[in-house]
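Nothing in this text is a laboratory measurement; each read-out follows from the coordinates by a stated rule. Since the model is a prediction, treat every value here as computed from it, not as a measurement. So basically every Cβ, Gly included, is an ideal-geometry build from the backbone, and we count neighbours across all protein chains shown.
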Amino acid sequence: MKKLKPFDYVLIAGVIILAFVFVMVLAHKNKMFSKSPVEETKKIAFQVMLRGVTFTSDKSPFEVGEKSFITIRNVPYTELEVIDVVYQPKKIMIPTGDNEKPFIVVNDYSVPYQYDFVVTLIDDAKITKDGAVVGGNKIKTGLPIVLEGFDYRFAGTVASVKVLSDEDLAVVKQMRIAAKKAKLEANEKKFEETQKANKNKQIEQKQAKQAK
């Protein structure tokens with residue numbers, strides 16, 4: 001076996017060092033360009049602010065328990081459940097001339113069919129160090145988003161994002177139960193009103209025949 005000379009040892013050491021440096025540089029680049037690692041998957045709720053929504057119907061386009069199709073950054077995502085809806089007519093400030101209460105807030109009757117909505121939706125999200133991710137998009141405040149249903153399509157922005165705890169999920173469950181109960185009661189009331197109207201109509205028709 002050939003005996004190694006001192007120069008050979010130096011050459012081998014140099015090759016090993018170069019290989020080590022190459023591996024470290026490659027690992028650093030992969031770390032820089034890799035996506036944020038997923039820590040866990042959890043339920044999140046996020047609120048969407050819709051300003052100046054115009055509709056003339058006496059019924060809100062959004063209902064708790066129903067689903068709305070979501071488009072994020074012009075890319076269709078999926079249908080998500082609506083767990084809460086809050087809305088009010090457009091407001092305007094009117095000065096009062098009172099130093100203690102310089103103005104009051106009232107409905108803006110110049111735009112009687114415009115409303116501001118806050119719609120809360122629920123979804124499964126991948127939780128990373130950079131935030132919650134749904135449909136390949138990071139859900140953050142200010143993100144443009146579109147809500148679409150059978151007879152509406154409104155553009156808004158994400159107003160808040162919350163990772164739901166077990167206590168929050170229990171509250172969501174109660175909200176679902178309350179919404180179903182309210183919807184059932186509304187349907188029963190509508191049915192009773194229809195029955196009453198039909199009965200009154202029959203009585204009026206009978207009285208009209210008797211009068212002839």
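Some points to look at:
- Computed E for K101/E204 - FRET, C-beta separation, R0 30 angstrom, nearest 0.05: 0.05
- Spin-label pair S57-D116: with each label point 7 Å from Cα along the Cα-Cβ axis, the two points sit 2.4 nm from one another.
- Solvent-free Debye scattering, log10 I(q)/I(0), computed from the Cα coordinates of segment 88-163 at q = 0.17, 0.19, 0.26 Å⁻¹: -0.81, -0.89, -1.24
- Chain lengthening between K129 and E79 when straightened (0.36 nm per residue, less Cα-Cα): 15.4 nm
- Highest-first arrangement of 79-89, 189-199, where packing means the average Cβ count within 10 Å: 79-89, 189-199
- Spatially close lysines, pair count over segment 38-164: Cα under 24 Å, gap of eight or more or interchain: 29
- Figure legend: label point modelled 7 angstrom from the Cα of E40 along Cα→Cβ; residues of segment 101-137 with amide N under 20 Å from it are 122-135.
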